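Let me begin by presenting the structure, written as structure tokens, before commenting on it.
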Amino acid sequence: MNIAVVILNWNGKELLKQFLPSVIAHSKYASIYLADNASTDDSIDFVTQNYPSIKIIRNTENGGYARGYNEALQHLDEDIFCLLNSDVEVTANWLDPIVSRFQVDKNVAIIQPKILDFKKKTHFEYAGAAGGYIDKYGYPFCRGRIFHTIEKDEQQYDQACELFWASGACFFIRKQVFTELNGFDEDFFAHQEEIDLCWRAFNKSYKSYFEPSSVIYHVGGATLSTNNPKKTYLNFRNSLFMLLKNLPKRKVFPIIFVRMLLDGVAGIQFLIKLKPAHFVAIMRAHLSFYSKFRIMKSKRSTSNKNQNYYMLKSIVTNYYVYRRKVFRLLITQ
């Protein structure tokens, strides 16, 4: 089973300097690729001169995470794609349990390793932690991370299990499934496109899995800070795109209506916290959703029939009303 480790890069020379050594050292039997999103720094020259074994794929423009990977992966023939952020340190034998999991269960299409925080290695990292789920209204959360509450890794999630979504920070997928699903939705540009892809895989009865024996350390926020209103815009807009595309038919409009009301509450919270730029970002996200409504609706699949896409009704109620801020305390309601 051949693996392609593909690192998407845009002006990331300093990150490549810091993190490529671990990838080279611990990925002996994988082919390593740098997919460059039309960088304007000298990161390609740096990789070419210092790591000649790494193959360079030059994308024509910076199309974000979604288009960047779609363009790059169409050139590759390996059985398994590993989409790896440039701000990730991998560990010894990180690929072995992933390969074993794919070999054992042919219906596993997507796998995520355990993702710990590079800056605080005793704790999970925000973008994925020990695997992702969503609630009825499309809010994502993870084992080990709910909203901004991040747990210490005390081996409490060291059981392999089925997930709903895997983190784009380190995302393993079978080439055949990636091709069947036509890759990422490029209208997302960046953020939550991996959740959308996992949901589409779920609607086709494929499994996403968490593999705790594989461990990586992720910096997080290296491309776009959580304080950046653009990130707020993309997250709120893309979440609505995802709901429209993937919800079971009878749930589409009731769920989106409630979700947009909840977005309004989030916007008011930003105003209270004196963050008007984030309030404006949510308004812009809704306007963009309206403008692309027909396009996104046309992408709906006839296989969107599974009502069991969510783990619980409301993560917002669990977290803010019941004050259940860690995964093991969550209740369905």
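The values are calculated or read from the model by the stated rules, or taken from the named source; none is laboratory data. Predicted model only: the values in this text are computed from it and were never measured. When we count neighbours, we look across all protein chains shown, and the Cβ atoms used for this are built from the backbone with ideal geometry, even at glycine.
Tabulated results
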quantity: Criterion: surrounded by 18 or more Cβ atoms within 10 Å (Cβ to Cβ), in the same structural domain as Ala127 (by TED's automatic domain parsing) and within 23 Å of Phe236 (Cβ to Cβ) - qualifying residue of Phe178, Phe189; calculated: Phe189
quantity: Evaluation of Tyr137 against (1) in a loop (DSSP other than H, G, I, E, B); (2) in contact with a strand residue (DSSP E or B) (Cβ under 9 Å, 6 or more places away or on another chain); (3) of a type in the set (Phe, Trp, Tyr) (one fails), failing number; calculated: (2)
quantity: Count of the stretch 135-161 residues which are surrounded by fewer than 14 Cβ atoms within 10 Å (Cβ to Cβ) and among the acidic types (Asp, Glu); calculated: 2
quantity: Some residue of the stretch 175-184 being under 24 Å from Tyr217 (Cα atoms) and of a type in the set (Gly, Ala, Ser); calculated: no
quantity: Tabulated pairs, the stretch 218-238, first not assigned by TED's automatic domain parsing to the domain that holds Ala285, second in a helix (DSSP H, G or I) and modelled with pLDDT under 95, C-beta under 6 angstrom, 6+ apart or interchain; calculated: Leu224/Lys231
quantity: Residue among Ile295, Ile282 that alone is surrounded by fewer than 17 Cβ atoms within 10 Å (Cβ to Cβ), part of a helix (DSSP H, G or I) and either in contact with a Gly (Cβ under 9 Å, 6 or more places away or on another chain) or in contact (Cβ under 8 Å) with a residue 12 or more places away in the chain (or both); calculated: Ile295
quantity: Residue within the stretch 242-257 that is within 24 Å of Pro113 (Cα to Cα) and either surrounded by fewer than 16 Cβ atoms within 10 Å (Cβ to Cβ) or in contact (Cβ under 8 Å) with a residue 40 or more places away in the chain (or both) present; calculated: yes
quantity: Hits in the stretch 90-128 - residues which are assigned to a strand (DSSP E or B), surrounded by fewer than 20 Cβ atoms within 10 Å (Cβ to Cβ) and not β-branched (Val, Ile, Thr); calculated: Lys120, Lys121, His123
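Okay, residues lined up against (1) modelled with pLDDT under 95; (2) surrounded by 20 or more Cβ atoms within 10 Å (Cβ to Cβ); (3) in contact with an Asp or Glu (Cβ under 7 Å, 6 or more places away or on another chain):
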| site | (1), (2), (3) |
| --- | --- |
| Leu8 | no, yes, no |
| Ile32 | no, yes, no |
| Ala38 | yes, no, yes |
| Tyr51 | no, no, no |
| Glu78 | no, no, no |
| Cys82 | no, yes, no |
| Asn85 | no, yes, no |
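A quick yes/no check of all residues on (1) closer than 23 Å to Ala130 by Cα; (2) of a type in the set (D, E, K, R):
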position	(1), (2)
Glu194	yes, yes
Trp199	yes, no
Asn203	yes, no
Tyr206	yes, no
Val215	yes, no
Val219	yes, no
Lys230	no, yes
Ser239	yes, no
Lys245	no, yes
